[in-house]
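*Asks:* Please find one structure pasted underneath; my questions will follow.
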Amino acid sequence: MTQGTLNLDVRQAGSASILDVQGDITAASEQTLMDAYSQAGNAKSIILNFSGLEYMNSGGIGLLVTLLVRANRQKQKLLAFGLTEHYKQIFELTRLDEAITIHDSEQDAVASA
């Protein structure tokens, strides 16, 4: 699933769906991100794998907030792993880390899901 410079693969891990991010998350990524979220279905938790993230701007942060709102409406947990220190700091500055639980590894995220 590719649009612009974002590719998202969706895979299952128990009751969670993992969205593997490859490329950039910007405002132009909305359709790709929301399509991947739809593919994740009714998973109990959505795990974002940011290990392939190359770039994210304020538009991308806004999309994550939109995704968070949708997940909350469906009573799904949103988790993340694979963030670089730079993006961990951005999550902390924007307080996204309070709503999207950040883990050090896929194993930790799946166990928490």
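The values are calculated or read from the model by the stated rules, or taken from the named source; none is laboratory data. Note that the coordinates shown come from a computational prediction; the quantities given were computed from them, not determined experimentally. Note that we place each Cβ from the backbone using ideal geometry, even for glycine, and neighbour counts take in every protein chain shown.
*Asks:* Does at least one position in region 60-73 carry a residue that is part of a loop (DSSP other than H, G, I, E, B) and at negative phi? Lay out the reasoning, then the answer.
*Replies:* Taking region 60-73 first, the residues part of a loop (DSSP other than H, G, I, E, B) are none.
No, region 60-73 contains no residue that is part of a loop (DSSP other than H, G, I, E, B) and at negative phi.
*Asks:* Mind checking which residues of region 31-48 are crowded, with 19+ Cβ neighbours inside 10 Å and without any contact (Cβ under 8 Å) to a residue 60 or more places away in the chain? Don't jump to the end; show me each part of the working.
*Replies:* So in region 31-48, the residues crowded, with 19+ Cβ neighbours inside 10 Å come out as 32-33, 36-37, 40, 43, 45-48.
Of everything in region 31-48, those that are crowded, with 19+ Cβ neighbours inside 10 Å and without any contact (Cβ under 8 Å) to a residue 60 or more places away in the chain turn out to be Thr32, Leu33, Ala36, Tyr37, Ala40, Ala43, Ile46, Leu48.
*Asks:* A follow-up question, please. Condition check: at pLDDT 95 or above and at negative phi. Does Thr101 satisfy that? It would help to see each step written out before you state the result.
*Replies:* On the way: at pLDDT 95 or above: yes; at negative phi: yes.
When the stated conditions are applied, Thr101 passes them.
*Asks:* Still on this model: Out of (1) in contact with a helix residue (DSSP H, G or I) (Cβ under 6 Å, 6 or more places away or on another chain); (2) modelled with pLDDT of 95 or more; (3) among the aliphatic types (A, V, I, L, M), what's the single condition that is false for Val21?
*Replies:* Single failed check for Val21: (1).
*Asks:* Using the structure shown, decide if Val110 is of a type in the set (A, V, I, L, M, F, W, C), surrounded by fewer than 19 Cβ atoms within 10 Å (Cβ to Cβ), at pLDDT 95 or above and assigned to a strand (DSSP E or B). Lay out the reasoning, then the answer.
*Replies:* Working: of a type in the set (A, V, I, L, M, F, W, C): yes; surrounded by fewer than 19 Cβ atoms within 10 Å (Cβ to Cβ): yes; at pLDDT 95 or above: yes; assigned to a strand (DSSP E or B): no.
It is false that Val110 is of a type in the set (A, V, I, L, M, F, W, C), surrounded by fewer than 19 Cβ atoms within 10 Å (Cβ to Cβ), at pLDDT 95 or above and assigned to a strand (DSSP E or B).
*Asks:* Taking Ala13 as meeting all but one of (1) over 21 Å from Ser105 (Cα atoms); (2) over 12 Å from the mean Cα position of the chain (by Cα), write down the number of the exception.
*Replies:* (1)
*Asks:* Further question on the same structure: Looking only at region 23-65, count how many residues are farther than 19 Å from Glu106 by Cα, more than 11 Å from the chain's Cα centre (by Cα) and of a type outside the set (Phe, Trp, Tyr).
*Replies:* 18
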